[in-house]
1. Any chance segment B:271-279 includes a residue that's assigned to a helix (DSSP H, G or I) and without any contact (Cβ under 8 Å) to a residue 24 or more places away in the chain?
2. Suppose we filter B:G455, B:G488, B:G417, B:G463 for residues that are within 15 Å of B:G268 (Cα to Cα) and of a type in the set (G, A, S); which single one remains?
3. I need the helices (runs of 4 or more DSSP H) fully contained in segment A:117-219, keeping only those with at least 3 residues that are of a type in the set (A, V, I, L, M) and in contact (Cβ under 8 Å) with a residue 12 or more places away in the chain.
4. Quick check: anything in segment B:594-605 away from ligand 1 (no atom under 13 Å from the Cβ), assigned to a helix (DSSP H, G or I), charged (D, E, K, R) and surrounded by fewer than 17 Cβ atoms within 10 Å (Cβ to Cβ)?
5. Hey, any hits in segment B:34-51 for a residue that's closer than 16 Å to B:D237 by Cα and within 14 Å of chain A (Cβ to nearest Cβ)?
6. More than 23 Å from B:M326 (Cβ to Cβ), surrounded by 15 or more Cβ atoms within 10 Å (Cβ to Cβ) and more than 16 Å from ligand 3 (Cβ to nearest atom) - does that describe any residue in segment B:363-377?
7. Residues that are under 17 Å from the mean Cα position of the chain (by Cα) and of a type in the set (D, E): does segment B:314-333 have at least one?
Amino acid sequence: MKSAAPASPVGHVSHDESALLDLLESLKQRHGFVPREVSDEVSRLVEVKLERLRRIQSQLDTTIRRDVQQHVAHWREEEGNLIMILHAIQNQHGYVPREVAMELSRELGVKLARIYEVITFYHYFKLQPPGAHTVTVCNGTACYLKGSGELLNELRSQLGIAEGQTTPDRQIHLDTVRCIGCCGMAPAIVVDGKTCGHVKSSEIAGHLAGLRAKKEAVA
Amino acid sequence: MKTLTRQELEDFAANPPANPPEWIRVQLDTGGIAAGAEAVHAALAHEREERKLLFSLQRAGSIGYSFADPVIEVQAPGMPRIHYGHVTPELVGQVIEDHLRDRRLIDDHVIATRQRAVTLDGPVTHLLVRDTGPETGSKTEFFQFSFTEELKRRGLAERVQVVRALDIGVYEEGAVIQLLPSGVTYANVLAPDVARIVAESIEGGRVIDDLLWKTPDRQVRIVLRNCGDVDPDSLDDYLRRASGYQGLRRALFESNPEQVIAELKASGLRGRGGAGFPTWMKWQLTRAQPAPQRYVICNGDEGDPGAFMDRSVLESDPHSVLEGMMIAAYAMGASKGYFYIRAEYPKAVERIERAIRQAREQGLLGKNILGSTFSFEAKVRLGAGAFVCGEETALIASIEGRRGSPSPRPPYPSVRGLWGMPTAINNVETLACVPAILTRGGAWFAGFGTETSKGTKVFAVTGKVRNAQLVEVPMGTTLREIIYEVCGGVLDGREIKAVQTGGPSGGVIPVQHLDTRVSYESLQQLGSIMGSGGMLVMDKTDSMVEVAKFYLKFCVDESCGKCAPCRIGGYQLLQILDRISRGRGSAGDLALIQRICQAMQRASLCGLGQTAPNPVLSTLRYFGEEYQAFIEGGPSYARKVSRGSASPAKAPERTGTTPPVNPTPSNR
Ligand SMILES: Cc1cc2nc3c(=O)[nH]c(=O)nc-3n(C[C@H](O)[C@H](O)[C@H](O)COP(=O)(O)O)c2cc1C
Ligand code: SF4
Ligand code: FES
């Protein structure tokens with residue numbers, strides 16, 4: 001469940017808002033003033049919208065709190081449980097959202113700074129949501145010797161991003177990993193969880209086209 | 001749920017069950033799955049259902065043949081067990097019809113057995129053939145044809161099938177054939193030998209001595225004893241078919257903790273995670289500390305990028321590692337254990353967690369195990385992508401839920417470890433040896449290896465090698481034997497330049513030292529280390545400066561930054577190497593490198609910083625001319641020198657400070 005996605009309702013509101021403003025503007029131009037009925041109706045609409053937003057917000061808070069409480073309950077008895085809880089959170093969301101980290105800090109009674117200290121120390125924990133698709137290049141020694149550097153260069157230039165980054169449209173995330181245990185198929189890349197071996201840089205374009213096609217099919 | 005009893009365990013040992021007559025085992029480790037093993041398993045299950053067949057379809061871990069993934073093993077009544085590599089769902093029909101029904105093997109997929117025989121027992125049924133000469137494979141079809149024709153001529157074609165092998169286990173020895181079911185192998189077979197082999201061996205049942213390949217297999221499987229054989233998801237399979245938990249039974253009921261430690265001492269087992277500290281001594285020291293609680297930790301962080309021994313063992317035989325941990329705990333009086341495993345190894349985590357759950361259900365974990373006074377609990381903790389957490393004190397910090405920063409030793413973990421209690425940290429491979437030592441005896445284990453390095457070692461051989469795979473050999477085997485005899489030599493028949501062992505903490509060993517017998521001491525003398533078992537083969541096209549830079553960059557990225565020599569020294573060193581590899585190095589750089597390296601070795605707090613200079617120093621020691629070439633002639637000239645196509649003595653005069661024409665470094 002991706003609970004931390006307030007971006008879309010907000011987006012809707014601002015869209016509606018601009019339509020409303022347009023309407024008000026045209027009323028003012030045509031009649032020189034905004035009739036009382038209209039302005040009342042507008043403020044009622046705004047109230048309704050705000051109320052809906054507050055509801056979403058509080059639902060979100062409850063979900064976050066409930067989820068965090070569940071994770072903490074599961075690990076309550078264990079000493080040194082912070083890292084295991086962070087793993088559970090990242091498994092759920094794909095990263096560690098700030099709101100969740102804050103809730104965790106309250107629930108565990110641990111300073112937020114200490115939680116962030118741990119999150120930032122370990123490369124595995126991410127603070128940004130992952131892209132819709134991920135391409136991971138193995139940069140273990142076997143793959144390195146067999147040309148993973150060229151694959152990475154090709155991906156960097158085709159996507160216009162560096163490893164660890166996501167394309168601006170949040171569609172494709174580029175990452176590196178150390179040895180995925182398929183050294184027999186070096187150089188290897190992982191495209192959305194599927195491992196591809198003996199990859200050549202000329203094949204990169206095809207893999208990316210495949211992902212983009214997937215994206216269109218979903219959209 | 002009914003729990004296992006001591007009596008049942010004894011019965012399992014006394015009466016191992018018979019295997020079903022007909023089975024297919026699919027090797028489902030991470031490598032196999034990535035290559036499509038799940039689809040193969042699904043196709044087999046489907047066909048079995050569809051055709052109402054009776055063969056038993058089993059899941060297993062990996063035997064280690066990474067080069068041939070996905071791998072399956074097939075047993076048909078009256079036939080030897082056969083491994084097939086590069087199996088696809090499309091091949092499944094053939095496996096069932098040709099192999100199981102018609103007793104015919106499938107061309108181009110058979111991986112010949114390494115258990116080669118020198119006597120023929122029983123009539124030959126199949127003849128495997130593979131040309132291993134300079135143009136590998138080119139004459140395989142010719143020999144298949146010749147043998148088939150000769151067999152037809154003598155009316156034997158119905159009885160003996162000639163099969164092209166995917167891999168025959170002998171390399172650079174011309175045409176090689178193997179007679180099944182015995183496993184008698186002939187090498188350097190020439191066209192005129194065809195008639196002779198058919199007449200004498202196949203018809204006459206006699207071994208032809210001048211063709212016989214007598215070199216036995218170099219491998220001895222102790223750690224990997226069950227890998228590829230048992231179902232890693234089944235405790236029952238481990239108990240019945242792999243003498244599972246018999247080592248624990250012997251420890252609990254036939255010896256006391258001191259005797260277990262004595263057995264370990266007799267075995268000479270030393271830690272397989274890198275440093276090679278005697279395992280019995282570590283246990284003894286931990287045991288000797290008075291404390292209300294002691295811990296045992298299995299280090300499954302496997303940080304060496306490109307090594308996968310520990311992952312493979314955890315995925316293929318998790319119960320062996322758990323059993324080893326329990327024996328260790330019994331010996332040192334620990335009641336709690338942790339597996340610290342990389343989060344990047346989800347299959348290993350899943351399988352060890354399942355193993356723990358099964359063991360708990362059967363009463364092998366918990367209070368009063370098997371009715372003894374020994375109680376033990378095991379848990380899994382995940383790493384989170386920090387190489388330094390493989391270091392003992394950092395690992396402990398990480399299990400405690402903190403940043404994985406190393407702390408000064410002493411106190412050693414055996415004195416003050418996890419939550420301040422005495423703790424023994426053992427590598428996965430170390431623990432996997434333990435049940436075998438308990439069941440077969442320390443003296444048996446010590447019978448393998450050298451004077452100071454006993455037993456066997458698993459290596460993950462990768463890079464420019466023909467067959468990237470897991471190899472387990474007795475200590476004292478030479479690098480040449482490992483690379484040429486077991487793994488088939490260098491890819492594409494190129495020339496080998498060096499071998500890297502020990503990963504980012506290790507060094508390169510140049511070709512002139514390939515006959516070194518592998519031991520903790522010999523590798524250290526050469527400026528490398530045993531490490532955890534990564535072995536990277538490099539050929540003439542690989543630039544040693546680039547390789548050194550690769551490992552150093554890894555260490556710089558992974559430095560925790562706690563102490564200056566490692567943090568600053570590493571960064572400076574990387575900058576110098578970068579400068580050199582772009583052709584901007586100066587004559588004084590090499591001396592500067594030496595100085596920084598020494599400072600890092602001496603003053604760094606933990607093993608990461610202390611050993612990070614090793615790849616640089618060892619490449620400098622053996623391949624100083626490649627560094628010189630970069631400095632004196634720029635990258636494109638250096639590339640020629642590193643390939644051996646330009647002699648370093650004739651460096652072109654470079655004018656003043658003109659930047660090189662083509663400053664792009666390349667590793668090709
Ligand atoms: C930076 C660093 C990384 C290490 N990584 C590992 C590792 O991945 N696996 C491992 O078993 N030991 C690793 N070690 C060695 C361990 O600290 C420790 O010596 C070992 O686990 C002890 O087990 P053993 O006696 O069975 O070898 C590492 C050491 C250092 C300094
Ligand atoms: S040597 Fe490096 S990794 Fe080790 S403690 Fe110092 S900075 Fe950290
Ligand atoms: S190094 Fe890439 S899979 Fe092992």
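1. no
2. Only one candidate passes the filter, namely B:G455.
3. Result: A:148-159, A:204-218.
4. The answer is yes; a qualifying residue exists.
5. No, because not a single residue in segment B:34-51 is closer than 16 Å to B:D237 by Cα and within 14 Å of chain A (Cβ to nearest Cβ).
6. no
7. Yes, the conditions are met somewhere in segment B:314-333.
Matching residues to (1) within 14 Å of ligand 1 (Cβ to nearest atom); (2) part of a helix (DSSP H, G or I); (3) at pLDDT 95 or above:
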{"site": "B:M326", "(1), (2), (3)": "no, yes, yes"}
{"site": "B:A329", "(1), (2), (3)": "no, yes, yes"}
{"site": "B:G337", "(1), (2), (3)": "yes, no, yes"}
{"site": "B:A343", "(1), (2), (3)": "yes, no, no"}
{"site": "B:K347", "(1), (2), (3)": "no, yes, no"}
{"site": "B:R351", "(1), (2), (3)": "no, yes, yes"}
{"site": "B:R357", "(1), (2), (3)": "no, yes, yes"}
{"site": "B:K379", "(1), (2), (3)": "no, no, yes"}
{"site": "B:G385", "(1), (2), (3)": "yes, no, no"}
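The values are calculated or read from the model by the stated rules, or taken from the named source; none is laboratory data. Just so you know, these numbers come straight off a predicted model, no measurement behind them. We place every Cβ from the backbone using ideal geometry, glycine too, and count neighbours over all the protein chains shown.
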